[in-house]
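So the structure is just underneath, and the comments pick up after that.
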Amino acid sequence: MSKSISAALLGLGTVGYGVRRLLEENRGINIEIKKILVRQPEKHGDIDPGLLTTDLDGIISDPGIELVIEAMGAGAFGYAAIRRSLVSGKSVITADKEIVARHLPELSTLAEARDARFYFEAAVGGAVPVIRNLLAIRKYDRVESVAGIVNGTANYILTQMFRRDIDFASALAAAREAGFAEADPEDDVSGIDSARKIAILAALAYDVFVPSEHIYRYGIANITKEDIAFIKSIGRVVKLIAFARRRGETIEIGVEPTLVHGDGVFAGVEDEDNAIFIEGKASGNLGFSGKGAGRYPTAAAVLSDCLAYREGVKSFVFREDDGISFASPERGQYYLRVADPAAIPNFLISMRRGNHIITGEIDWRILARLADNVAFCGKIMNI
């Protein structure tokens, strides 16, 4: 049997607990957790006290620990822990999409400089293996677009609204009860979380670093039962879709509610599931779907990175393509629920039913000028 790899686990919350449990159940991966960093060891009476520590410095300085699994979700502290681990020559696995979206260029190049590796499969898509497959596709094909449902909370809410004919607040309560929504769901329902994830995927696909706060996004918090009823009546389903598309030397990137065909591939992605489609110039559309939220789907993605480390798989290193830029989407057809239908110029309207309007193909800047009159909007796409 090959030599066991000694690792430290930072955090024993939802993801950290799942990682520890799955490593115990999959001993063939042969990674031994030597230390677990926690804030309050006394809260973990079921774990060998010798494993628990509050001392990050001790983990960083321990030459016997070669792999650090970061599962704290602790913002600045998590970033500092990752950075210090890489500086010390330890490889790192993280599930923290905020850290990856903000610091991918720095952390990936730091890992390379220190002869370490930096893995983050769990940062996008939960159990869906999109990152590793996207990197593989790039080796033999030109990526034309990446688009998908990448937030399980938002998808669960929209699914419940469609399936049960309930309002947004009731669907959010159902998501919380099922364990798929945080106490503060703002990042999920506003599109912030999805923007972070598409920023990561765009970096992998196109060698362009897009700060997630600069990505156009429109969330689902304002959607109502009235919207759902109208969308159903035209044979559509609404999904929160993140996308990055090649337009010459520009990458069009954004997050927005999207009205998809009721019998299309995205319509069938329900509850907490995620689905991401990668369009290659030669290979066409390739789809990946699965559980996008929850303890064990995320932990399973972390384990896939553990296996990659075990097998010596090189990690991604960001190298910016200076010839590529990014932009918000420029044109599209939209569904609008408006306060005053009479204020919408007739030349923009393809269909009107009360305060529900379907536009023709319009410039995004025109839509922006109508913002004060628009209560909810979603792009209409033939997918």
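No value in this document is a laboratory result; all are computed from the given coordinates. Keep in mind that this is a model prediction, so the values were computed, not measured. In this analysis, Cβ positions are derived from the backbone assuming ideal geometry, glycine residues included, and neighbour counts consider all displayed protein chains.
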At 0.36 nm per residue, minus the direct Cα-Cα distance, what do residue 352 and residue 286 gain on full extension? Give it in nm, one decimal, please. 20.2 nm
Suppose R0 equals 45 Å; then what is the FRET efficiency for residue 382 and residue 176 from their Cβ-Cβ distance, rounded to the nearest 0.05? 0.85
Computed from every Cα-Cα pair in the range 203-344, P(r) in 5 Å bins starting at 0 and rounded to whole percents is 2, 7, 12, 15, 19, 17, 13, 8, 4, 2, 1, 0, 0
Taking N as the number of residues in the chain, what is its alpha-carbon radius of gyration divided by 2.2 N^0.38 Å? 1.04
5 Å binning of all Cα-Cα separations within the range 73-216, expressed as whole percents from 0 upward: 2, 9, 17, 19, 18, 14, 10, 6, 3, 1, 0
Whole percent per 10 Å bin, from 0 to the bin with the longest distance: what is P(r) over all C-alpha pairs of the range 1-144? 11, 40, 36, 11, 2, 0
Cα axis of helix 152-164 to longest principal axis of the chain: angle in degrees, 0 to 90, nearest 10? 40 degrees
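Any idea what diffusion coefficient the range 334-383 gets from Stokes-Einstein, in µm²/s, Kirkwood Rh on alpha carbon pairs, 4 °C, 1.567 mPa s? Please report the intermediate quantities before stating the final value.
On the way: Rh = 10.8 Å.
For these conditions, the coefficient is 120 µm²/s.
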Using only the Cα atoms, what convex hull volume per residue in Å³ does the range 102-158 have? 115 Å³
Quick check on the chain: helices-only [θ] at 222 nm, where DSSP H runs of length 4 and up contribute -39,500 (n - 2.57) each and the sum goes over total residues. Nearest 500, please. -10000 deg cm²/dmol
Over the Cα atoms of the range 42-108 the radius of gyration and the largest Cα-Cα distance (Dmax), both in Å, equal 12.8, 39
Suppose we keep just the alpha-carbon trace of the range 131-281; what are its Rg and Dmax in angstrom? 15.6, 46
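Just order 192-202, 265-275, 36-46, 300-310 by mean Cβ neighbour count inside 10 Å, highest at the front, would you? Don't jump to the answer; show the numbers that get you there.
Values: 192-202: 26.5, 265-275: 20.0, 36-46: 13.5, 300-310: 22.2.
Descending packing order for the listed peptides: 192-202, 300-310, 265-275, 36-46.
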Which FRET efficiency value, to the nearest 0.05, do you get for residue 313 and residue 261 by plugging their Cβ-Cβ distance into 1/(1 + (r/R0)^6) with R0 = 41 Å? 0.65
Rounded to the nearest Å, the spacing of the alpha-carbon centers of the range 167-219 and the range 300-343 is 11 Å
Give me the distance between the Cα centres of the range 228-265 and the range 34-81, rounded to whole Å. 41 Å
When ranked by the protection proxy of mean other Cβ atoms within 10 Å per residue, highest first, what sequence do the peptides 58-64, 233-239 form? 233-239, 58-64
So for the pair residue 80, residue 167, with labels modelled 7 Å out along Cα→Cβ, what separation do we get in nm? 4.4 nm
Report the FRET efficiency, 1/(1 + (r/R0)^6), for residue 183 and residue 139, where r is their Cβ-Cβ distance and R0 is 45 Å, rounded to 0.05. 0.60
Between the modelled labels at residue 26 and residue 57 (7 Å from Cα along Cα→Cβ) the distance in nm is 3.5 nm
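Arranged by the count of other C-beta atoms within 10 angstrom, fewest first, what order do 90, 225 take?
With the fewest neighbours first, 90, 225 line up as 225, 90.
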Once phi is turned into θ = phi - 60°, what whole-Hz ³J(HN,Hα) does the Karplus curve with 6.51, -1.76 and 1.60 give for every residue of the range 306-319, x standing for Gly and Pro? 4, 5, 4, 5, 4, 8, x, 5, 5, 8, 5, 10, 6, 9
So which aspartates and glutamates can residue 35 reach, going by Cα to Cα under 16 Å and dropping same-chain residues fewer than 8 places off? 24, 46, 48, 55, 57, 62, 66, 70
Give me the extension gain from residue 340 to residue 2: residue separation times 0.36 nm, minus the current Cα-Cα distance, reported in nm with one decimal. 114.7 nm
